[in-house]
Each structure stands twice: as structure tokens, then as C-alpha cells.
Amino acid sequence: MPQKKRVFLLIAIVAAILAALPGLKIIADALRKEIAYQFVVDDRIWFTVSQKEKAALDRMLDEYQRQYLANIDKHAVIKKIDFAQKVELIEVKALPENIDTLATAKAKIYAVEDEAVVIEVKKGDNLWNLAKEHKVTVGDLEILNPDADPHKIFPGDKLVVKPFNPALDVIIELENTVVESIPFKNEYRKVNNLFRHQQRILRKGIEGEKEVSYHITLRNGYQKSLQIINEKTLKEPVNAIVEIGTRTTVFRGGRINYGVVHGKRISSLYGYRIHPITGKRRFHEGLDIAANHGNGVYAYTDGKVVEAGWNGGYGNCILIDHGNGLKTRYAHLSRLYVQVGQRVKTGQRIGAVGSTGNSTGPHLHFEVIKNGRTQNPLNYL
Ligand SMILES: [Zn+2]
């Protein structure tokens, strides 16, 4: 073969090989590809893991979801646990260099878009002014801080005002049944042998009990919705029977005489409630009586003032020791007319109704404490 022809043939062979290369690469790549799993969130690929890591990924996702079960009442029945987003694990064939490590997968799963905003309670703060300041509702604050008792937040306490926002949101649906108290009512009987500011208890009231079942949806551990699905009375309450006087005396303003204040109505009763999510029991230690701002607040009976001043969520507050293990507390006052150590008489004006501390509006929070334990004030008024 002449020299020239040999060169042409060589060029032709090299050209043919070059032309075939992409095809060869496709074949070689196809041979290198392995089964892997794409983690797809709302149709976007977040990462890909190898087949041998799939079980570890499943455990990681399970653990990620289960972190939100930690604060839930152990008696609650978990009905569903899922992601808020559409999450798919799609089997694909991928090149080794396109497969992510478990560490990358974990960083993506646990990614946080916005950190929580936590504030420290300062003197004079209450849930209502904090809610206003941070542009949320009091209900939001209660949901974000299920352990915080609105009556007992103190300077230095930490409160979440905005929850953290994870990249991957977890929705939990649960059902829980808790026992709650049914308050008793006062049945008033008018008698003309008592003055208008006097009353006498003929029969003490007894609280009832009910079983309440809730269906609750949580998003990243925080209550998203709460519905009562069933309610069953276990024990009917027994109403108190109270005689009230009709004989006219000095009128102090306000419609109803509760002895310690002239109020409009009872706005919150004494008793417990079990938090339907955490299962924790919270007590309302007193009786809230809605009344006009500035109305007089009167000593329950003779005694000695042992506290008079600011007391956290109670706001301006007075505690009177009546002896024999009996004490009474008057909270949220706008004015204090007595000092610590001072002796007071039954019906003596000690302060004025206000809305200081954790209070939605002017009212008297009245507590009766017998041997260190709060009692239902309705049995004492
Ligand atoms: Zn109260």
C-alpha cells in the first residue's frame, strides 16, 4: 500500500473512533449507574441517596418527625404523623458522583428557614402588652408557650413570640381525652332580713366533672387547630344556694355585690383545666370578677396585710392574713390603699379595681387560701 493511502486509512479509523466516543461514554456511564433514591419535596429534588443508605434515610425521617412527639401527653392517641409538603422518595439510576452523603441529606432535612424569636419578660410585662408589641394575639402566645401560666409570668422568663420555621414541616394529628371540672353556679335567693351588701351561703357548691375528647392538629409541635369531638358528664355540679339581702344601704356602684367588690359578673371561675396537648394540669387559683375600673376593693374579713405591691402576673396585689390559716389575695389592682403590716377590718376599702399584670380588662382576681392551699372563693363569698 502506498504511504499516502495508509495515512488516509489511519485518519479514517481515528475519525471513526472519535465519532463513536460519545456513544461509548453513554454505554460506560450506563454500566456505572446504580440504583438510588431521590428525595423530592413539592416536585423539587433535595438530594439523592444510594440504595444502601435508604434504610438509614427512612430512620432519619422517622426520627425527624418523632421529635415533635416528645411534648405530647403520653395518654394521647397519635392518629397521623406526616409532612406538610408533598414528599416523595423516587427510585432512579444515578452516577456515583451524583449521589449525596447522609450528612448532606441530614443537613437538608433539618434545615431551618427562620429561627424562633424568643424574648425575655421585663418588669411590668404581661401577655397582653407583649402580644400587642410583637403583633400576635394572646391566643398565639399561649399556643407558642403551652407551659406559661398567664397569671404567673415573671421578669426573666423566656417566651417564644415567633416559632422557628423549618424547611420541612411536620403535621401531627392526635386525639386526647381529659377530665375537666364543671363549675357550679350560685343560685341567689333574695331575703329582706339582710342588707344589700350582705349574703349568706345556705348550701356550698360542689364542682362537677366531665370527660372531654379533643381532636388536635399540630404543625411543628404547635397547635394549629383544636376541636372538641366528644363531651361526657361524669359528675353533675351542685349549685350553691346563696341568700342576698334586699335592704337598702350605702350604694357603692356596680350591679352585683360580691362582698369584696361590686362587680358586673364572674368572668372566670376557680378550678383546673388539663392542657389538651401537653396533658399538664393548670389551675385557676382564684375567682375573676369583672368590675368597673376604680371600683373599691374591700377586705374579706379582719386581718393583717402581709403583701402589698407588684407581684408578677398578679400586677398590684394585696395579701391579707386573717389568722387561723386563712388568707385572701386581691390582684390586678389599680390602686393600693394599705401597706404591709397594717391591720384591716371587714369591709375596709383596701384598693381599687384595675387591670395591672396579666389582665385582659378591669377585674378583681380574688383568692382564698386556707392552710396554704387555695379554695373555691365561691364557698367563701
Ligand atoms: Zn384570675
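Below are the figures for this structure:
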{"item": "Qualifying residue in the range 302-310 (condition: of a type in the set (F, W, Y) and more than 16 Å from the ligand (Cβ to nearest atom))", "result": "yes"}
{"item": "Test: residue in the range 335-346 that is within 16 Å of the ligand (Cβ to nearest atom), buried (at least 17 other Cβ atoms within 10 Å of the Cβ) and either in a loop (DSSP other than H, G, I, E, B) or β-branched (V, I, T) (or both)", "result": "no"}
{"item": "Residue list for the range 45-59, filter: outside any helix (DSSP H, G or I) and without any contact (Cβ under 8 Å) to a residue 24 or more places away in the chain", "result": "I45"}
{"item": "Residue match in the range 66-78 (condition: part of a strand (DSSP E or B) and either in contact with a strand residue (DSSP E or B) (Cβ under 8 Å, 6 or more places away or on another chain) or at pLDDT below 95 (or both))", "result": "yes"}
{"item": "Residues of the range 354-371 classified as away from the ligand (no atom under 13 Å from the Cβ) and in a loop (DSSP other than H, G, I, E, B), total", "result": "1"}
{"item": "Matching residues, the range 266-289, being surrounded by fewer than 16 Cβ atoms within 10 Å (Cβ to Cβ), modelled with pLDDT of 75 or more and within 13 Å of the ligand (Cβ to nearest atom)", "result": "S268, F283"}
{"item": "Unique residue being within 30 Å of D149 (Cα to Cα) and surrounded by fewer than 12 Cβ atoms within 10 Å (Cβ to Cβ) when the list is K93, K80, K86", "result": "K80"}
{"item": "Pair list, Cβ < 6 Å and 6+ apart or interchain, from the range 315-329 residues that are farther than 17 Å from Q339 by Cβ to residues that are among the basic types (K, R)", "result": "G325/K370; L326/K370"}
{"item": "Cβ pairs under 9 Å, 6+ apart, first in the range 214-243 and farther than 26 Å from I81 by Cβ, second of a type in the set (A, V, I, L, M, F, W, C) and not in a strand (DSSP E or B)", "result": "P237/F184; V238/F184; N239/F184; A240/F184; A240/L378; V242/L378; V242/L381"}
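Conditions tested, residue by residue: (1) in the same structural domain as E175 (by TED's automatic domain parsing); (2) out of contact with any Lys or Arg (no Cβ under 6 Å at 6 or more places or on another chain); (3) over 30 Å from G312 (Cα atoms).
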position: K25; (1), (2), (3): no, yes, yes
position: Q38; (1), (2), (3): no, yes, yes
position: F47; (1), (2), (3): no, no, yes
position: L69; (1), (2), (3): no, yes, yes
position: K86; (1), (2), (3): no, yes, yes
position: V121; (1), (2), (3): no, yes, no
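The values are calculated or read from the model by the stated rules, or taken from the named source; none is laboratory data. These figures come from a predicted structure and were not determined experimentally. Ideal geometry is used to build each Cβ from the backbone, glycine not excepted, and the neighbour counts take in all protein chains shown.
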